[in-house]
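Colleague: My questions will all concern the structure given below.
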Amino acid sequence: MTNTRDIFITEVALRDGSHAIAHQFTVEQVLKVAKALNDAGVPYIEVSHGDGLAGSSLQYGLSRTNELELIEAAVSVADKAKIAVLLLPGIGTVKELKEAAKLGAKMARVATHVTEADVSLQHIHAAKELGMETVGFLMMSHMAPVEKLVEQAKLMESYGADSVYVVDSAGALLPDQVRERIRALKQEVGVNIGFHGHNNLSLAMANTLVAIEEGATRIDGSVRCLGAGAGNTQTEVLVAVLDRMGIKTGVDVYKMMDLAEEIVAPILQTPQEITRDSLVLGYAGVYSSFALHAKRAASKFGIDSRDILIELGKRKVVGGQEDMIVDVAAEIAKAKSVETVR
């Protein structure tokens, strides 16, 4: 891996992008994408179920292919890039982490809600013992005041995280809010600071550039915007923009353009765009993977999925509480039925 990078990009299409295709990645697809990303010089490639290790379930969505096979496939073609995995304590366990490390995964990204960093202790410790580079991933960072975010980041740092991320899971943060959060972490935390954006309010690129301006050096991107909701910061565009700015990523712009167009685009079931569903995710401030669940519940109860998402936002529902979506939909339908009778 080159030492001349100013910014280290983690490509998340083979994890976050799993949400966009209902977790249907095949080994062949992962081989092609991972090899192309490796050849383009992307330093980190994340491969997991959309909800992390062991995420394949009825609640979160069943994977077409066992994720360990996908991780093994990616490792087999990545002679320069490091393969990363995501782990959400309570979904994935140390057992799955050990299995991923045995297959050759070199980075563990341990994700918790922004106020629950304490549940990451054993997983970060285990990853360090396995010799893995370790990232603390503070999801739904818009849901906590800056002081709380700093407190939680310090916890992850104390557990041994090499980097701590501000994660805009809902694509709800505005640029000034990103600036405030990254600046505070740079002042208070001694490890690398990262940013993971979603594009539900069309601000992923702007927010990413603000994060870099404030000192974030670990940045997530998703080729062709392949990610939950309206997708993430688009990697090939980000690389081109940073090149124009004179910021070194070590990633080949042409090769990223080619793999986006020729390899990833055909995987997309529909082009990633800001639909009314993804827009309302950012507007309501709810987890990006809720969109599909809300649409299904809305269809079942004959109501508007936007009403479900707005109510979930009001209740500050977070990832892991997907079972509440149907309950909320039922309550809204019942309330509307009562209004109609009146």
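Colleague: Return yes or no: is Leu203 at pLDDT 95 or above, more than 23 Å from Lys82 (Cβ to Cβ) and open to solvent by 10 Å² or more (accessible area, probe 1.4 Å)? Let's see the steps before the verdict.
Modeller: Details: at pLDDT 95 or above: yes; more than 23 Å from Lys82 (Cβ to Cβ): yes; open to solvent by 10 Å² or more (accessible area, probe 1.4 Å): yes.
Against the criterion (at pLDDT 95 or above, more than 23 Å from Lys82 (Cβ to Cβ) and open to solvent by 10 Å² or more (accessible area, probe 1.4 Å)), Leu203 qualifies.
Colleague: From (1) among the polar types (S, T, N, Q); (2) outside any strand (DSSP E or B); (3) touching a Pro at 6+ places or on another chain (Cβ under 8 Å), pick out the condition that doesn't hold for Thr4.
Modeller: Condition not satisfied by Thr4: (3).
Colleague: Filter the strands (runs of 3 or more DSSP E) completely within the stretch 76-147 down to those with at least 3 residues that are touching a residue at least 60 places away in the same chain (Cβ under 8 Å) and crowded, with 18+ Cβ neighbours inside 10 Å.
Modeller: The strands (runs of 3 or more DSSP E) meeting that bar are 82-87, 107-113.
Colleague: Please work out which one of (1) open to solvent by less than 70 Å² (accessible area, probe 1.4 Å); (2) farther than 26 Å from Ser48 by Cβ is the condition Lys300 fails and give its number.
Modeller: Every condition holds for Lys300 apart from (1).
Colleague: Another one. If you take the residues in the stretch 158-171 that are in contact with a Lys or Arg (Cβ under 6 Å, 6 or more places away or on another chain) and buried (at least 23 other Cβ atoms within 10 Å of the Cβ), which one is nearest to Phe290 (Cα to Cα)? Write out each step before concluding.
Modeller: Residues of the stretch 158-171 in contact with a Lys or Arg (Cβ under 6 Å, 6 or more places away or on another chain): 160, 163, 166.
Retained after the next criterion (residues that are buried (at least 23 other Cβ atoms within 10 Å of the Cβ)): 163, 166.
On the way: Ser163: 27, Val166: 20 Å.
Within the stretch 158-171, the match that is nearest to Phe290 (Cα to Cα) is Val166.
The rows are residues; the columns are (1) open to solvent by 70 Å² or more (accessible area, probe 1.4 Å); (2) under 22 Å from Ile91 (Cβ atoms); (3) at pLDDT 95 or above; (4) under 23 Å from the mean Cα position of the chain (by Cα).
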site: Asp307; (1), (2), (3), (4): no, no, no, no
site: Val317; (1), (2), (3), (4): no, yes, no, yes
site: Ala335; (1), (2), (3), (4): no, no, no, no
site: Thr340; (1), (2), (3), (4): yes, no, no, no
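Colleague: Would you confirm, using the coordinates I've provided, whether Ala54 is more than 23 Å from Thr270 (Cα to Cα), in a loop (DSSP other than H, G, I, E, B) and at pLDDT below 90?
Modeller: Taking the combined requirement at face value, the residue satisfies it.
Colleague: Look at Leu155 and say whether it is open to solvent by 10 Å² or more (accessible area, probe 1.4 Å), outside any loop (DSSP other than H, G, I, E, B), more than 22 Å from Tyr287 (Cα to Cα) and without any contact (Cβ under 8 Å) to a residue 60 or more places away in the chain.
Modeller: Working: open to solvent by 10 Å² or more (accessible area, probe 1.4 Å): yes; outside any loop (DSSP other than H, G, I, E, B): yes; more than 22 Å from Tyr287 (Cα to Cα): yes; without any contact (Cβ under 8 Å) to a residue 60 or more places away in the chain: yes.
Answer is yes for this residue.
Colleague: Could you tell me whether Gln187 is surrounded by fewer than 23 Cβ atoms within 10 Å (Cβ to Cβ), closer than 24 Å to Glu273 by Cα, at pLDDT 95 or above and touching a helix residue (DSSP H, G or I) at 6+ places or on another chain (Cβ under 9 Å)?
Modeller: The answer is no for Gln187.
Colleague: Select, from Leu292, Leu268, Leu279, the only residue that is within 16 Å of Gly227 (Cβ to Cβ), touching a Lys or Arg at 6+ places or on another chain (Cβ under 7 Å) and surrounded by fewer than 22 Cβ atoms within 10 Å (Cβ to Cβ).
Modeller: Only one candidate qualifies: Leu268.
Colleague: For the stretch 220-235: of the residues being over 10 Å from the mean Cα position of the chain (by Cα) and in contact (Cβ under 8 Å) with a residue 60 or more places away in the chain, which is most open to solvent (accessible area, probe 1.4 Å)?
Modeller: Among those that are over 10 Å from the mean Cα position of the chain (by Cα) and in contact (Cβ under 8 Å) with a residue 60 or more places away in the chain, it is Arg224.
Colleague: Can you tell me which residue is farthest from Lys80 (Cα to Cα) among those in the stretch 1-56 that are of a type in the set (Asp, Glu) and open to solvent by 10 Å² or more (accessible area, probe 1.4 Å)?
Modeller: Among those that are of a type in the set (Asp, Glu) and open to solvent by 10 Å² or more (accessible area, probe 1.4 Å), it is Glu28.
The values are calculated or read from the model by the stated rules, or taken from the named source; none is laboratory data. Because the structure is a prediction, the values reported are computed rather than measured. Quick reminder, even Gly has a Cβ in these numbers, built from the backbone with ideal geometry, and neighbours come from all protein chains shown. Each accessible area value is taken on the protein alone, full model and side chains, heavy atoms only, with ligands, DNA and RNA left out. Shrake-Rupley method; radii C 1.70, N 1.55, O 1.52, S 1.80 Å.
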